[in-house]
Every structure is written in structure tokens, then in C-alpha cells.
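All remarks here apply to the structure that follows.
The values are calculated or read from the model by the stated rules, or taken from the named source; none is laboratory data. All of these numbers come straight from a predicted model, not from anything done at the bench. Here Cβ is always computed from backbone atoms with ideal geometry, including for glycine, and neighbour counts include all displayed protein chains.
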Amino acid sequence: MDALSDLLAPHSETIGKIAGTITTLQFLSGIALLNDIRKKGSSDIYPIGPFLGGIVLTVLSLKLGQIMGDQPMINVNVIGFAINSIFLVGFYYYASSENKSKIWVKIGYATLFLMACIAYANFEDPKRIEFRLGMLITSILVWLVGSPLLNLPNIIKKKSTEGMPFPIIFAGQLVATAWTLYAVSIRNHVMVYQNLFLWVLGGIQLVMFMIYPSTPAKKPAAKSEKKKEK
């Protein structure tokens, strides 16, 4: 890894800008998911994680970027927070009355969690909080990216990836690749392992799209219906 770091180090600023641009495009990939929700007229079958989790991650990453003095991280997460907030409003708009109350509960939990994390970061030793906040962000990313895999038995049973946000997952692969290269260039091992692990999780999900279609499998016609046709 040292040899690759030496090769990429002179270009770290450029790589950071490219990674930031790709990440911004990833945030915008939620447009495709929101459009699907609009067509169906409901967001109930989709997880709120990509949007609410995106807000949590951008706030924490923004705080980490300020601690590290990393301007590319700061810029991209300010934009990401704004985009995810708009998408969350759209997700809420298309939710059923029953789900809207659940969304408010989740927003409340997320807000309390962020307040606690930021308060802790403001009082902790900057040298310690950089590592600890980085590990926390990694844990949330692993949960957020890997959570669709918890639905794997149902995907196999239905033989369909319906409800899985392909544009976001695919864009996440590009983001993980870009930030891995940036992390290598600045010799940040936590970021390297974090993004490599995310790349593997995303890759598993993309394989699911190669195996199963995004539309539900058609159920075989009932025997009684077949007899009538005869």
C-alpha cells in the first residue's frame, strides 16, 4: 500500500475533488428512487434508510471533516445534507398516514443521536475523536449499505430485487472506489478499510441484481384456470 500511496500522494487534492464530485452525483442518484416512488404513489415498500441515514452520515462526516481540516469532505457533505433533506421530504410526502408517524419517530431518534455525538465531539480530545468518530461513521455506513442484505431470504424467495434501490447501490460502488483511492493517497488507513468493506457489501448486492430481476416473478397460473382454458 505504501508504494501506491507514494504514487497517488501528489494527486491527492485532485483525487479528493473527483471523489467529492462522484459523491455529489451519488446523492443525486436518489432522484431515480424518488421517481419510482412517485410513479407507485407510495414510499411504503421502500426503506427510509438511504435518505435519513444519508442525513446522519453527512452531519457526522461534516463534523469529522472540520476536525481533520479536510475541505473536500466538508464541501461534499454540506451539499449531501441539503440533497438528502429534500429527498426525505419527498419520501415523507408519499408515505401513508400510518408510516408518516413512524417516520417522525425515526427522525426523532436520529436527531437525538446526532445531538449526543456532536456534543461529545465538542468536548473530547481532537486526537481521540478523529479515530472514534471515524469508526462510528464506518459502523453506520456498514449498517446502511449492508442492511438490504438482511432481506436476502425474502429476495431469494420472491426471486426479485424489488424495493432495492439499484441507482443508489451502484453509485455507492463508485463512491467507495473513489474515496478508497483518496484515503490511500493521504495514508488514512481507517478510511481505506472502511471504503473497501463498503465496496464488498455493495458488490454482493449488485450480484443480486444480476441474478434476479427488479420486478416480482409471475406466479404460475392456477390449475383450475388452466382447465378452463382447455
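For region 41-58, a residue qualifies if it is of a type in the set (Val, Ile, Thr) and at pLDDT below 85, and the qualifying residues are 45, 48. Of the helices (runs of 4 or more DSSP H) lying entirely inside region 1-64, those containing at least 2 residues that are crowded, with 20+ Cβ neighbours inside 10 Å and not aromatic (Phe, Trp, Tyr) span 12-28, 30-40. May I ask you to verify whether residue 61 is closer than 29 Å to residue 186 by Cα, modelled with pLDDT under 85 and under 17 Å from the mean Cα position of the chain (by Cα)? Spelling it out, it is not the case that residue 61 is closer than 29 Å to residue 186 by Cα, modelled with pLDDT under 85 and under 17 Å from the mean Cα position of the chain (by Cα). Among the conditions (1) more than 22 Å from residue 176 (Cβ to Cβ); (2) in contact with a Leu (Cβ under 7 Å, 6 or more places away or on another chain), residue 93 misses just one, which is (2). Only helices (runs of 4 or more DSSP H) whose full extent lies in region 84-191 are considered here, and the ones with at least 3 residues that are exposed (fewer than 12 other Cβ atoms within 10 Å of the Cβ) are 97-123, 126-146, 152-158. Taking first residues from region 161-183 that are of a type in the set (S, T, N, Q) and partners that are not in a helix (DSSP H, G or I), the Cβ contacts under 6 Å between residues at least 6 apart in sequence or on separate chains come to 161/212; 161/214.
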